[in-house]
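First up is the structure itself, then whatever we jot down about it.
The values are calculated or read from the model by the stated rules, or taken from the named source; none is laboratory data. Nothing here was measured: the structure is a model prediction, and the numbers come from that model. Here the Cβ positions follow ideal geometry from the backbone for every residue, glycine too, while neighbour counts run over all protein chains shown. Surface accessibility is based on the protein's heavy atoms, side chains included, excluding ligands, DNA and RNA. Shrake-Rupley method; radii C 1.70, N 1.55, O 1.52, S 1.80 Å.
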Protein chains: 2
Amino acid sequence: MRTSHVVTFLAACAIVAMGFLTVSVRENKAEQAAIAATPTDIKPFESRSSEWGKYYPREYSTYMQTKQSDTLQDMLKEHPAEVIIWAGYAFAKDYNAPRGHYYMQEDNSTSLRTGSPDGAGKQSPLPTACWTCKSPDVPRVMARDGELEYYTGKWDKYGTEMVNPLGCADCHNPKTMELTLTRPYVARGLDAEGTLKAANVTHQDMRSLVCAQCHVEYYFHATKWTKDGEEKTAMVVTLPWNKGYSVDDMEKYYDEIGFFDWKNKFSRTPMLKAQHPEYETFLTSDHYRAGLSCADCHMPYVREGAVKYSNHNVGSPLDNIGVTCLNCHKESESEFRKLLGRKLQRKNELSDAAMEQVATGHLEAARAWELGATEEEMAPVLSDLRKASWRWDYAAASHGAFFHAPEETLHTFARALEFGQAARLKLRAILAKYGDPDYVAPDFSTKEKAQALVGIDYAAESAAKKAFLDGLREEWLKTAEKNGVYDPKSREGMGPRKTSWQ
Amino acid sequence: MRTSHVVTFLAACAIVAMGFLTVSVRENKAEQAAIAATPTDIKPFESRSSEWGKYYPREYSTYMQTKQSDTLQDMLKEHPAEVIIWAGYAFAKDYNAPRGHYYMQEDNSTSLRTGSPDGAGKQSPLPTACWTCKSPDVPRVMARDGELEYYTGKWDKYGTEMVNPLGCADCHNPKTMELTLTRPYVARGLDAEGTLKAANVTHQDMRSLVCAQCHVEYYFHATKWTKDGEEKTAMVVTLPWNKGYSVDDMEKYYDEIGFFDWKNKFSRTPMLKAQHPEYETFLTSDHYRAGLSCADCHMPYVREGAVKYSNHNVGSPLDNIGVTCLNCHKESESEFRKLLGRKLQRKNELSDAAMEQVATGHLEAARAWELGATEEEMAPVLSDLRKASWRWDYAAASHGAFFHAPEETLHTFARALEFGQAARLKLRAILAKYGDPDYVAPDFSTKEKAQALVGIDYAAESAAKKAFLDGLREEWLKTAEKNGVYDPKSREGMGPRKTSWQ
């Protein structure tokens, strides 16, 4: 054959191959379009995810797989120092590592933190705001009752309403399936910070921001309002982003408004409880700069025949390492896991060291008060303990931060360590002045010992909780089911109750 | 035209274009080959770089550009705490940030550390080993005198030999131009560590390992030997890699052999002086995992017409950011520099905090000794101070570590901070026991104050140094020139002497 004939032949082959490919893509698109065009009758604010699942079985069934993330990890048992740092706050009673989204409502209800209302006057110690990240019933009730009413009152006020675990309605528009912010504080936070105004968010931004509805730092801003002439106080979930997204920026914000979540029972420090500032930490990371969103790694695309969809079994990217981390990280899986091991080790070393110093500092401060130290003497100590506790908590509570943004995380722990030890150094001089220079803080090496120091009556708390769960809470679910609000399928296959206090 | 004609026409165009390209590549290769085939008469161990420059003018002239890196940055002035940490060691007298390779011999000779020998009995306090990273005369003299003889005696023993700054002969085979390890301790270190045996190194490994001849952690291993029946001690440069490359591994090695560089004058701590473990830190980094070598970023390729060569103006990749960092980092230059600024800030915060704690700890320990603290009481304090000082020094002395390997660097500073503050906490109890619970360490906020605390007679040291440089050192260079060893071109255009003590 002449050269031109060879070229013509090869070009013809390519054209045939492209033809086949085009047919395949068209079929794929056709099936996708058919799915997208399915008419749905999902109601506005439909909080029963199984109703959505009728139209989106792949997304729904993968969502339901979050049930498999069912290990209950008692963090207070693993880190008894946390009981000391959070002394006087509900977290000192009960704090477990998060399980799958499927368990959000359950774990919030069974936690000792939410208390044991009895329906006869005894209320939960926590405000309604504590439901805000737990259930798709939140936007439904907010829309019905108004935002300020929603944020007013105690947790048990909405016992018959907040019955379904985090689900479809938390992130999606029921008609268009578009990602949507169902919690108004996110848009307010973005606008207050100003870098990315809510009006300008892209689809890729949304693939992180729907997660940021919960995976952020927030506080309850006490807000006075009036209803029928009566003055009320709403505890409004608010993102402290006005000065920026960093750990220092948020501290500045809290300092300026004189905010504290509670006072540590030992040191009397006006404390900040960090929530789980994953989004903010992520913004400092190489992952963010690479253009990734939360969903890219935590909800990777799955291909089933002609259909591509996002895996709604939100969990660790390490469980799907082939389609998540190793898309970009070019190590072998074993090399990559070894590298992660080293990152985790670095983080744990600093976290453990900081936690130990901060907890010891709070206990030594208690001794200084006991011996008669003055407010003036203690002020710089409490300032250090506030800074140290905030930083330790910020880095520790931000799940996966050692992986998302290792540099920011290591730096934050190091600063926690610095302030914690600085407090202890100041305390040594005070303890010496008041005659106890060699004071050794009491042993808090187990959860039991630490909780005994705080004075938590674990047996009583547990018994009351059990009574609540077996009684009032069952009634709440029954009422909700009667009202057509509760989705029994949301608890299908849950198995026996799992708690850290049974 | 019919489709097949169009395809034929396009293919013909492509073939013509490829033809031109092939001719261009051939011409390029031909010029490169002509350069490579140039017969040279560079002698073995030729330490005068200008002799090499006759055949490799591009490499030589870019090497000579290291002259432009001429800013003298007095680190003790910037960080007076270093004077306290290094008290009793030569570094407390004089320590500047490194200038270009062109200045290696000069800056070693003008440093107060190397002392002021007078040729009439007064010797340098430092051993010959202190030349090892400064001059291509080192391999020449090692080959002539033998390695153990080279490492025996004081610095001034080789005043007439070590006259040229780091140059061609330090890294290249004079016949083949191949990269070569001219310092035998690197191969010994690699073999002792075992991961990468010296026999197995690749060309890419060598593009880092020739740098690792100096940019590593090392110590002087006292080695007995006998010459003509006389027992001598050689101070052999040795890489402490037997247990691994990490900061913890090397500390373990030093601890096991009971090694210390000196005892801190205040705290009496048996100290480790970290050198500049750039190579070891680099091994922990993403940059290393990405397959990079030192030369890829510090000696990027330059294209001049048909010739491609490696830029020998070794310096910061940030000076050539377009052909270094931004090859991989896809940010804009301004975004990238902003990111680096944040990395530097994180590092500086932890480095400064650790340095302050460690220095204060050494001074407080001096007070404890003064008050009568016992060896037994002080042992845990000194252990903490040794660990803290080693880690701070390791991370601080490893130039660019915050950039090469930020996670390892932040972690190392954090551990320095932890041990430094732990020492201070223990010291508070001891100071209280001996009646001075509120002891405040003296002010070391300026270099002058810090050096006064150490008791350095700066005026006398400076005067003696000046006399040495204007006298004996000038004679050394003249003798070396007479002997055909010294390359006057190596100091061409140096300009007036720059030191931190004038």
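Can you tell me which of B:SER246, B:SER267, B:SER285 is more than 30 Å from B:MET142 (Cα to Cα) and either under 20 Å from the mean Cα position of the chain (by Cα) or among the basic types (Lys, Arg) (or both)?
B:SER285
Residues A:GLU331, A:GLU370, A:GLU407: which one is without any contact (Cβ under 8 Å) to a residue 60 or more places away in the chain and facing another protein chain (nearest Cβ under 10 Å)?
A:GLU331
Taking the conditions exactly as written (touching a Leu at 6+ places or on another chain (Cβ under 8 Å), within 14 Å of another protein chain (Cβ to nearest Cβ) and either within 30 Å of A:ALA379 (Cα to Cα) or open to solvent by 50 Å² or more (accessible area, probe 1.4 Å) (or both)), does A:ARG289 satisfy them or not?
Here the answer is yes, as A:ARG289 does meet what is asked.
Considering every residue within the range B:450-457, establish whether at least one is open to solvent by less than 10 Å² (accessible area, probe 1.4 Å) and within 14 Å of chain A (Cβ to nearest Cβ).
Checking the range B:450-457: not a single residue is open to solvent by less than 10 Å² (accessible area, probe 1.4 Å) and within 14 Å of chain A (Cβ to nearest Cβ).
Can you spot a residue in the range B:231-243 that is charged (D, E, K, R), open to solvent by 10 Å² or more (accessible area, probe 1.4 Å) and not in a strand (DSSP E or B)?
yes
Evaluate the range B:266-286: report whether one residue or more is out of contact with any Phe, Trp or Tyr (no Cβ under 7 Å at 6 or more places or on another chain), assigned to a helix (DSSP H, G or I) and at pLDDT below 95.
The answer is yes; a qualifying residue exists.
Report yes if B:THR176 is at pLDDT below 95 and either within 19 Å of the chain's Cα centre (by Cα) or surrounded by fewer than 20 Cβ atoms within 10 Å (Cβ to Cβ) (or both), otherwise no.
So B:THR176 fits the description; yes.
Does A:LEU385 satisfy the condition of being more than 10 Å from chain B (Cβ to nearest Cβ), touching a helix residue (DSSP H, G or I) at 6+ places or on another chain (Cβ under 7 Å) and part of a helix (DSSP H, G or I)?
The answer is yes for A:LEU385.
Name the residues in the range B:437-447 that are more than 14 Å from every other protein chain (Cβ to nearest Cβ) and in contact (Cβ under 8 Å) with a residue 40 or more places away in the chain, would you?
Within the range B:437-447, B:PRO442, B:PHE444, B:SER445, B:THR446, B:LYS447 qualify.
Does the range A:417-426 hold any residues that are more than 7 Å from chain B (Cβ to nearest Cβ) and either basic (Lys, Arg) or touching a strand residue (DSSP E or B) at 6+ places or on another chain (Cβ under 6 Å) (or both), and which are they?
Across the range A:417-426, the qualifying residue is only A:LYS426.
Wholly within the range B:41-110, which helices (runs of 4 or more DSSP H) include no fewer than the required count, namely at least 2 residues that are at pLDDT 95 or above and β-branched (Val, Ile, Thr)?
B:81-85
For B:ASP249, all conditions in the list (1) touching a residue at least 60 places away in the same chain (Cβ under 8 Å); (2) within 14 Å of chain A (Cβ to nearest Cβ) hold save one; what is the number of the exception?
It is condition (1) that B:ASP249 fails.
Would you confirm whether or not the range B:301-310 contains a residue that is in contact with a His (Cβ under 9 Å, 6 or more places away or on another chain), surrounded by 14 or more Cβ atoms within 10 Å (Cβ to Cβ) and modelled with pLDDT of 95 or more?
Scanning the range B:301-310, I find no residue that is in contact with a His (Cβ under 9 Å, 6 or more places away or on another chain), surrounded by 14 or more Cβ atoms within 10 Å (Cβ to Cβ) and modelled with pLDDT of 95 or more, so the answer is no.
Go through (1) open to solvent by 50 Å² or more (accessible area, probe 1.4 Å); (2) within 29 Å of B:LEU340 (Cβ to Cβ); (3) of a type in the set (S, T, N, Q) for A:THR284 and report which single condition fails.
All conditions are met except number (1).
If a residue has to be of a type outside the set (A, V, I, L, M, F, W, C), assigned to a helix (DSSP H, G or I) and more than 17 Å from A:THR110 (Cα to Cα) to count, how many in the range A:444-477 make the cut?
Residues in the range A:444-477 being of a type outside the set (A, V, I, L, M, F, W, C), assigned to a helix (DSSP H, G or I) and more than 17 Å from A:THR110 (Cα to Cα): 4 in total.
Just need a number here: residues in the range B:190-230 that are among the polar types (S, T, N, Q), touching a residue at least 60 places away in the same chain (Cβ under 8 Å) and surrounded by fewer than 17 Cβ atoms within 10 Å (Cβ to Cβ).
2
Could you give me the residue pairs with C-beta distances under 8 Å whose first residue belongs to the range A:164-175 and is touching a residue at least 12 places away in the same chain (Cβ under 8 Å), whose second residue is open to solvent by 40 Å² or more (accessible area, probe 1.4 Å) and among the β-branched types (Val, Ile, Thr) wherever it lies, and which are 6+ apart or on separate chains?
Pairs found: A:CYS171/A:THR180; A:HIS172/A:THR180.
Given the options A:ALA396, A:ALA414, name the one that is within 14 Å of chain B (Cβ to nearest Cβ), in contact with a helix residue (DSSP H, G or I) (Cβ under 6 Å, 6 or more places away or on another chain), in contact (Cβ under 8 Å) with a residue 12 or more places away in the chain and assigned to a helix (DSSP H, G or I).
Going through A:ALA396, A:ALA414 in turn, the sole match is A:ALA414.
A:ALA401: more than 11 Å from every other protein chain (Cβ to nearest Cβ) and not polar (S, T, N, Q), yes or no?
The answer is yes for A:ALA401.
Taking only the range A:254-286 into account, find how many residues are closer than 30 Å to A:VAL83 by Cβ and within 14 Å of chain B (Cβ to nearest Cβ).
2
Filter the range A:72-125 down to the residues that are open to solvent by 30 Å² or more (accessible area, probe 1.4 Å), without any contact (Cβ under 8 Å) to a residue 40 or more places away in the chain, more than 17 Å from the chain's Cα centre (by Cα) and farther than 22 Å from A:HIS362 by Cα and list them by number.
Answer for the range A:72-125, where residues must be open to solvent by 30 Å² or more (accessible area, probe 1.4 Å), without any contact (Cβ under 8 Å) to a residue 40 or more places away in the chain, more than 17 Å from the chain's Cα centre (by Cα) and farther than 22 Å from A:HIS362 by Cα: A:ALA120, A:GLY121, A:LYS122, A:GLN123, A:PRO125.
Of (1) modelled with pLDDT of 95 or more; (2) touching a helix residue (DSSP H, G or I) at 6+ places or on another chain (Cβ under 8 Å); (3) open to solvent by less than 20 Å² (accessible area, probe 1.4 Å), B:ALA480 satisfies all except one. Which?
Failing condition for B:ALA480: (2).
Looking at A:ASP296, A:ASP248, A:ASP319, A:ASP261, can you tell me which residue is in contact with a Leu (Cβ under 9 Å, 6 or more places away or on another chain) and open to solvent by 20 Å² or more (accessible area, probe 1.4 Å)?
A:ASP261
Quick one: would you say A:THR226 is within 17 Å of the chain's Cα centre (by Cα) and of a type in the set (Val, Ile, Thr)?
When the stated conditions are applied, A:THR226 does not pass them.
Of all residues in the range A:360-387, how many are open to solvent by less than 40 Å² (accessible area, probe 1.4 Å), touching an Asp or Glu at 6+ places or on another chain (Cβ under 9 Å) and more than 12 Å from A:PRO270 (Cα to Cα)?
Of the residues in the range A:360-387, 2 are open to solvent by less than 40 Å² (accessible area, probe 1.4 Å), touching an Asp or Glu at 6+ places or on another chain (Cβ under 9 Å) and more than 12 Å from A:PRO270 (Cα to Cα).
Quick check on the range B:334-359: of everything there that is facing another protein chain (nearest Cβ under 10 Å) and among the small types (Gly, Ala, Ser), which residue is surrounded by the fewest Cβ atoms within 10 Å (Cβ to Cβ)?
Going through the qualifying residues, I end up with B:ALA353.
Need pairs with beta-carbon distance below 7 Å; first residue more than 12 Å from A:ASP170 (Cα to Cα) and within the range A:135-147, second assigned to a loop (DSSP other than H, G, I, E, B); sequence gap 6+ or separate chains.
A:VAL141/A:GLU161; A:ALA143/A:PHE45
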